[in-house]
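Only one structure is covered here, and it is reproduced in the block below.
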Amino acid sequence: VRGDFLYTSRRWRMKRTLCRALCIFLVVLFPLSLMAADYVAEADKRFEQGGLANFKQAIELYQKAIAANPGSYEANWKCARAHREYGDAAKFQKVEGWKDICARYGKEGMRYAQKAAELDPAKPDGYYYYGLNVGVYSDGVSVFTALTEGLKDKTQSNFEKTYEIDKMYKEGGPMIALGRFWAVLPWPMRDRKKSLKYYREYQATEYFADNVEAHVYLGELLIQMGGDKNKAEAKGYLKKAAQSDDPYFSDKAEELLAKLK
């Protein structure tokens with residue numbers, strides 16, 4: 001009887017120890033999870049407001065969320081997105097040292113995007129922002145440097161994975177991304193026919209009509225492909241883009257239109 005009592009007593013103490021450990025774990029975990037959620041919510045507000053300062057503050061808040069909860073898929077992919085937007089904005093606004101900014105934030109953004117893809121391989125966000133951050137990184141260090149670092153295949157596979165999961169993600173973003181990817185690669189990797197295929201597919205969506213960026217990219221590609229028919233089509237897209245409120249793409253459209261004169 002005494003042996004049974006001791007056995008039961010040990011089991012009870014073990015259960016009590018496990019319960020205490022679980023309680024301590026929950027006491028630590030829940031506040032951290034709540035803190036991470038608060039950081040993400042505040043970062044989202046900053047991101048939606050737009051602008052260099054807000055993008056940078058959003059990055060810092062997403063990083064705090066990740067520090068509190070490293071396994072947060074949402075915090076990681078959104079941090080990657082904010083890195084891309086910050087680098088892109090620095091380039092478009094031609095801020096001092098924008099190439100260094102693109103190189104640094106593009107590379108960091110790739111890391112967060114890869115982590116997101118590892119956390120949830122079934123969702124498109126990590127793959128998509130990995131590819132876009134490679135683009136930002138390339139703006140900073142040059143396409144050739146990015147290629148020597150083996151980023152061509154990684155970019156292609158990430159964009160193709162996004163396209164496979166949901167080609168309409170971010171209003172057809174994977175189609176534009178793949179079209180641009182095949183257009184800007186240096187020879188002999190460049191493939192303008194593949195680029196045109198993705199642009200034509202995007203052109204058939206409801207989003208094409210108001211997308212100045214897509215008009216400029218398609219117009220540029222058609223000019224490069226040559227021929228009177230292609231140039232005439234390009235002219236129509238570029239004229240519309242030149243009248244837009246986007247200073248970067250309106251200027252780019254004007255430059256391309258000058259080549260048609």
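The values are calculated or read from the model by the stated rules, or taken from the named source; none is laboratory data. Please read these numbers as outputs of a predicted model, since none were measured by experiment. Here Cβ is always computed from backbone atoms with ideal geometry, including for glycine, and neighbour counts include all displayed protein chains. Heavy atoms of the whole protein, side chains included, go into the accessibility calculation; ligands, DNA and RNA do not. Shrake-Rupley method; radii C 1.70, N 1.55, O 1.52, S 1.80 Å.
Below is a table of values for the structure above.
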| item | result |
| --- | --- |
| Dipole moment magnitude, nearest 20 debye, the stretch 60-169 about Cα centre, only Lys, Arg, Asp, Glu C-beta charged | 120 |
| Rg [Å, one decimal], Dmax [Å, integer] - the stretch 207-251, C-alpha atoms | 10.0, 30 |
| Cα-based convex hull, the chain, per residue volume (Å³, whole number) | 162 |
| For K154, net neighbour charge (Lys/Arg +1, Asp/Glu -1) across residues whose Cβ lies under 15 Å away | +1 |
| Mean Cα-pair separation over length for the chain, i.e. relative contact order, pairs under 8 Å, 6 or more apart, % | 9 |
| The stretch 41-156 - Rg over Rh from alpha carbon coordinates, Kirkwood radius | 0.97 |
| Per residue accessible area in Å² of the chain, where ligands, DNA and RNA are left out and the probe is 1.4 Å | 56 |
| Calculated log₁₀ intensity ratio I(q)/I(0) where the Debye formula runs over C-alpha points of the stretch 41-101, q = 0.13, 0.15, 0.19 Å⁻¹ | -0.32, -0.42, -0.63 |
| Cα centre as origin, Lys/Arg/Asp/Glu Cβ charges: the chain dipole, Debye | 1040 |
| Quarter of the Cα convex hull surface for the stretch 148-261, i.e. its orientation-mean projected area (nm²) | 7.6 |
| By average C-beta atoms within 10 angstrom, highest first, the peptides 235-241, 253-259 | 235-241, 253-259 |
| Carbon and sulfur %, accessible surface of the stretch 64-147 computed with the full protein complex present, 1.4 Å | 51 |
| Residue-span extension gain [I165 to A209] - 0.36 nm each, minus C-alpha spacing | 13.4 nm |
